[in-house]
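Enquirer: Sharing a structure here in structure tokens format.
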Number of protein chains: 2
Amino acid sequence: MDERVREHAEVLVDWSARVEAGDDVVVSVAEDTHELGVAVAAALGERGANVTTLYGSDELSRAYLKGVEAGTDGDVDVDDFDSDPAVDRALFEAADAYLQIGGGRNTTATADVDRPTRQAYAKARQGVREARMDTDWVSTVHPTRSLAQQAGMAYEEYENFVYDAVLRDWEALAEEMAQMKEVLDAGEEVRIVTERDDAPDTDVTMSIAGRTAVNSAASVAYDSHNLPSGEVFTAPYDTEGEVFFDVPMTIEATRVRNVHLTFEDGEVVDFAAESGEEALADVLDTDEGARRLGELGIGMNRGIDRFTDSILFDEKMGDTVHLAVGRAYDACLPEGESGNDSAVHVDMITDVSADSRMEVDGEVVQRNGTFRWEDGFEA
Amino acid sequence: MDERVREHAEVLVDWSARVEAGDDVVVSVAEDTHELGVAVAAALGERGANVTTLYGSDELSRAYLKGVEAGTDGDVDVDDFDSDPAVDRALFEAADAYLQIGGGRNTTATADVDRPTRQAYAKARQGVREARMDTDWVSTVHPTRSLAQQAGMAYEEYENFVYDAVLRDWEALAEEMAQMKEVLDAGEEVRIVTERDDAPDTDVTMSIAGRTAVNSAASVAYDSHNLPSGEVFTAPYDTEGEVFFDVPMTIEATRVRNVHLTFEDGEVVDFAAESGEEALADVLDTDEGARRLGELGIGMNRGIDRFTDSILFDEKMGDTVHLAVGRAYDACLPEGESGNDSAVHVDMITDVSADSRMEVDGEVVQRNGTFRWEDGFEA
């Protein structure tokens, strides 16, 4: 076994999920992620934890949902699913941690499941999802051919990419990110500006007063549930201005490029995309909250050096900023207060490595990708 | 997908497990059994059942147990495992049915796990096992290369073998087997005799008075939990005589051939094996019940036409009889009575297709493989 697989498992179990002896850990293994599953099982055995392993196969999910479509007449709705799937609820309620290993053999394995079927299923499973979110959950991926293909990379090249992103000195990165969190926690207004010859300008402001930033250092100890992570994010509101997102993304299996959003009074009042505009429109029309921002995130993982059409990696990339329309995370909100609510949360990313700046309360914090505490920073 | 995979899934879900809308079904998918898992998920979706899929990987289990060995100093004992693994218990307690799909990539995947480690783990998991046995559980296999190899067969040849055994007219076979059950339920003593030039004689008698035979027709509706099945079994006692088992088998990864047992007053008083005698001795020395019979089974599935070193198939083969030392099944005992108790249950098989007869209360029921209700039977 590649030594990096073992190291990945150890980072996942120890740094990310903070597993201790006696913990009940549920691991979900996607197709072709067997090797990391084996390494995780070994680490859990060594720590004295219990392990229950789920098979997180998109092809199985697709077969199940197509089966439901075949077994019901006409459109599937939420009543076609059990509102209380007892086994899944019981297992997540009993779990201390949940480690989801993504991968699979085909990133479009569920492409032919009707959208209403998916939505009805997601709705019926809300209780299960909540029980899962109440555990110390962490999502990661094992490098698979399907993910390499989605990234447009050779397999070994992609393996190197994943391990560069995952096998970091997380303690050091957490300390660095703490400086960004400090700035955002103290700040009231963020302004992001990009001025490029080959793209529309971005000039957007948003309020962050009263909100708490998350130092997302790939560990449940930091309210961070992705491995890799490496971003600092908060929940903005009262957004005004124009944003251009130059990083391509996939929304509901549709490739979306060069999104332009115009905000007034905190809401998207105009939008365009060079391709995939319809998918974008679908997202924005989901509900009221879908036109307001739920997240401002600053990518700070410089182990990620390129976009791979995977939000797990793309939004963490160093020298990027992302904004998400839709749901805000509770961790960013004052106790008991609820932020922007929506069924969706769709991240869109802008490269800020050049011709750009981010200001907090009028002071430049990042210019052309360099933070103010770094060498070479120019205010 | 091979149409037979779909048919297998339907037999498993409908005939074997009797799944109904709203049932919570746990499916365990071993390595390389993905295809049958997909077909089962489709069938469950169509029936309106819930599905939770476990990854039943021997390589993961091995990694976990080796991890426990690495994490403890010296020998692993039962206290090194959690006595109440909450997730597994909760999930099986909430489940209506459990469908275990065996297969894997290597039938000896756990060969280097220490025996005390396995035993300690099995002991710690007894509560989980009991919760699992309280569901409508069914074990089956998907044809894999590893099982083909264990059977000494080409892969496509093995696929045909599995589907011949599994895709039967189970209703018709259940009716045929009911005749055997009737004979055993009414009978008081069974005698099995084989006389062959090339092997030691078998002449063994056992009491079955007061015991109930199970018509094991591959369905929970018949107290039968294997697919394929096709045997009628009961729980004998007061065994006397000599038995020669000419069908090779594997006990704890050791190949055992040509076992000879001598019974007096219901107990094995002498034993021999042409090879693997030590593994046999280990079994018989496990505990007091390991030297008494727990099962007499009559193989009646003529879709199984050869031995493949897999007890799931071998013991069901038409024209065979098997005896198991160790634990008796509750289904064969009068309500509230407990039969032979042991930590082991090891089946041993005799070919009765020629030079043999089985008598119940002195009347011949089967001679040279032909039952008395069949054409060509000679009393």
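The values are calculated or read from the model by the stated rules, or taken from the named source; none is laboratory data. Predicted model, so just to flag it, every value in this text is computed and none were measured. Neighbour counts run over all protein chains shown; Cβ positions are idealised from the backbone, glycine included. Just the protein is used for accessible areas: all its heavy atoms, side chains included, with ligands, DNA and RNA removed. Shrake-Rupley method; radii C 1.70, N 1.55, O 1.52, S 1.80 Å.
Enquirer: Shielding of A:79-87 by partners, i.e. mean partner chain Cβ atoms within 10 Å per residue?
Expert: If you average over the peptide's residues, the count of other-chain Cβ atoms is 5.
Enquirer: Note down the nm distance, to one decimal, between modelled labels 7 Å out along Cα→Cβ at B:Thr262 and at A:Ala331.
Expert: If labels sit at B:Thr262 and A:Ala331, their model points lie 7.2 nm apart.
Enquirer: Could you give the alpha-carbon Rg of the stretch A:205-266 over 2.2 N^0.38 Å, rounded to two decimals?
Expert: Expressed relative to 2.2 N^0.38 Å, the Cα Rg reads 1.40.
Enquirer: Toward the positive end of the charge dipole of the stretch A:3-166, about the Cα centre and with charges on Cβ (Lys, Arg +1; Asp, Glu -1), which of A:Tyr55, A:Val25, A:Thr117 goes farthest?
Expert: My answer, from the dipole projection, is A:Thr117.
Enquirer: If you take each beta carbon of peptide B:65-71 and count the beta carbons of other chains within 10 angstrom, what is the mean?
Expert: 6
Enquirer: Over its Cα atoms, what ratio of radius of gyration to 2.2 N^0.38 Å does the stretch A:256-313 give?
Expert: Relative to the 2.2 N^0.38 Å estimate, the stretch A:256-313 comes out at 1.31.
Enquirer: To one decimal in nm, how far is A:Glu363 from the same spot in the other copies, if labels go 7 Å from Cα toward Cβ? Please give the shortest first.
Expert: 10.1
Enquirer: For A:Asp73 and B:Arg18, what does the FRET efficiency come to when R0 = 30 Å and r is the distance between their Cβ atoms, rounded to the nearest 0.05?
Expert: Plugging the Cβ-Cβ distance into 1/(1 + (r/R0)^6) gives 0.80.
Enquirer: In nm, give the distance between the simple-model label positions of A:Glu274 and B:Trp373, each being 7 Å from the Cα along the Cα-to-Cβ direction.
Expert: 7.7 nm
Enquirer: Compute from the Cα atoms of the stretch B:144-228 the Rg and the Dmax, the latter being the longest Cα-Cα distance, and quote both in angstrom.
Expert: 17.5, 45
Enquirer: With a/c under 1.5 counting as rounded, go ahead and sort the stretch B:247-352 into rounded, prolate or oblate using the C-alpha gyration tensor (a ≥ b ≥ c being the square roots of the eigenvalues; past the cut-off, prolate if a/b is larger than b/c, else oblate).
Expert: Because a/c hits 1.5 or more and a/b fails to exceed b/c, the stretch B:247-352 counts as oblate.
Enquirer: Which FRET efficiency, nearest 0.05, do B:Gln126 and A:Asp112 yield, Cβ-Cβ r, R0 25 Å?
Expert: 0.05
Enquirer: Which three extents, in whole angstrom, do the alpha-carbon atoms of chain B cover along their principal axes, largest first?
Expert: Taking the Cα atoms of chain B, the three principal extents are 54, 50, 45 Å.
Enquirer: Take each uninterrupted DSSP H stretch in chain B, measure its Cα extent along the helix axis, and return the ones at 15 Å or beyond whose mean Kyte-Doolittle hydropathy is at least 0.0.
Expert: Flagged H segments are B:34-47.
Enquirer: State, to one decimal in nm and shortest first, how far the label point of A:Glu335 sits from each corresponding label point in the other identical copies (label point: 7 angstrom along Cα-to-Cβ).
Expert: Spelled out, the distances from A:Glu335's label point are 5.8 nm.
Enquirer: A further question follows. Using a simple spin-label model with points 7 Å from Cα along the Cα→Cβ vector, what separation in nm is obtained for B:Asp223 and B:Thr250?
Expert: The two pseudo-label positions are separated by 3.1 nm.
Enquirer: Where nothing but the Cβ of Lys and Arg (+1) and of Asp and Glu (-1) is charged, how large is the charge dipole of chain B around its Cα centre, in debye to the nearest 20?
Expert: It works out to roughly 960 debye.
Enquirer: Report the calculated FRET efficiency for A:Ala354 and A:Leu167 (r = Cβ-Cβ distance, R0 = 35 Å), to the nearest 0.05.
Expert: The pair A:Ala354/A:Leu167 has a calculated efficiency of 0.80.
Enquirer: Per 10 Å bin, what is the whole-percent P(r) computed from every C-alpha pair distance within the protein assembly as shown?
Expert: Percent of Cα pairs in each bin: 3, 13, 21, 21, 16, 11, 8, 5, 3, 1, 0.
Enquirer: Counting DSSP beta bridges in chain B, what percent are antiparallel, to the nearest 5?
Expert: DSSP beta bridges in chain B are roughly 75 percent antiparallel.
Enquirer: Which net charge results for the neighbourhood of B:Val268, defined as the other residues with beta-carbon distances under 9 angstrom from its beta-carbon, given Lys and Arg at +1 and Asp and Glu at -1?
Expert: Residues close to B:Val268 contribute a combined charge of -1.
Enquirer: Let me ask you something else. With the cut-off at 1.5 for a/c, could you classify the stretch B:83-191 from its C-alpha gyration tensor as rounded, prolate or oblate?
Expert: In terms of gyration-tensor shape, oblate.
Enquirer: Let me ask another. Can you give me the orientation-averaged projected area of the convex hull built on the Cα atoms of the stretch B:1-146, in nm²?
Expert: 8.7 nm²
Enquirer: Could you work out the local net charge near A:Arg327, counting Lys and Arg as +1, Asp and Glu as -1, over the other residues with Cβ closer than 13 Å to its Cβ?
Expert: Around A:Arg327, the surrounding residues sum to -3.
Enquirer: Between the label point of A:Thr254 and that of the same position in each other copy, find the distances and list them shortest first in nm, with every label point placed 7 Å from Cα along the Cα-to-C-beta direction.
Expert: Result for A:Thr254, in nm, nearest copy first: 6.6.
Enquirer: Tell me, what % of the accessible area of the stretch A:170-371 is carbon and sulfur with a 1.4 angstrom probe?
Expert: Reported share for carbon and sulfur atoms: 40 percent.
Enquirer: Can you give the accessible area per residue of the stretch A:3-166, in Å², using a 1.4 Å probe?
Expert: Ligands and nucleic acids excluded, the result is 40 Å² per residue.
Enquirer: How much of the DSSP beta bridge set in the protein assembly as shown is antiparallel, as a percent to the nearest 5?
Expert: 75 percent
Enquirer: Along the charge dipole of chain A, Cβ charges K/R +1 and D/E -1, which of A:Gln149, A:Gly230, A:Phe307 sits furthest on the positive end?
Expert: After comparing all options, I get A:Gln149.
Enquirer: Taking the Cα centre of the protein assembly as shown as the origin, how large is its charge dipole in debye, to the nearest 20, when only Lys and Arg (+1) and Asp and Glu (-1) carry charge on their Cβ atoms?
Expert: 580 debye
Enquirer: Under 26 Å between alpha carbons, and skipping anything fewer than 8 positions from B:Lys316 in its own chain: which lysines qualify?
Expert: B:Lys181
Enquirer: So, one more: I'd like the interface area for chains A and B: accessible area of each alone minus the complex, both sides summed, 1.4 Å probe, protein heavy atoms only. What is it in Å² to the nearest 100?
Expert: Protein heavy atoms only, the A-B interface buries about 3200 Å².
Enquirer: Ok, one more. Projecting each Cα onto the charge dipole of the protein assembly as shown (Lys/Arg +1, Asp/Glu -1 at the beta carbon, about the Cα centre), which of B:Gly127, A:Ala272, B:Leu99 comes out farthest on the positive side?
Expert: The Cα lying farthest towards the positive end belongs to A:Ala272.
Enquirer: Further question: What does the charge add up to near A:Asp2, with Lys and Arg as +1, Asp and Glu as -1, over the other residues with Cβ less than 12 Å from its Cβ?
Expert: Here the count lands on -3.
Enquirer: Given the C-alpha centroids of the stretch A:269-285 and the stretch B:95-161, what is the distance between them in whole angstrom?
Expert: Answer, in whole Å: 50.
Enquirer: Related question: Mind putting a number on the dipole of the stretch B:156-225 about its Cα centre? Charges go on the C-beta only, +1 for Lys and Arg and -1 for Asp and Glu, and I need it in Debye to the nearest 20.
Expert: 400 debye
Enquirer: Regarding the stretch A:330-379, what are the three Cα extents along the principal axes, ordered largest first, in Å?
Expert: 41, 23, 17
Enquirer: Another question about this same structure. Hey, how many Å between the Cα centroid of the stretch B:344-371 and the Cα centroid of the stretch B:18-40?
Expert: Comparing the Cα centres of the stretch B:344-371 and the stretch B:18-40, I get a distance of 36 Å.
Enquirer: For the stretch A:170-371, how big is the tail of P(r) above 22 Å, as a whole percent of Cα pairs?
Expert: Counting every Cα pair in the stretch A:170-371, those more than 22 Å apart make up 43 percent.
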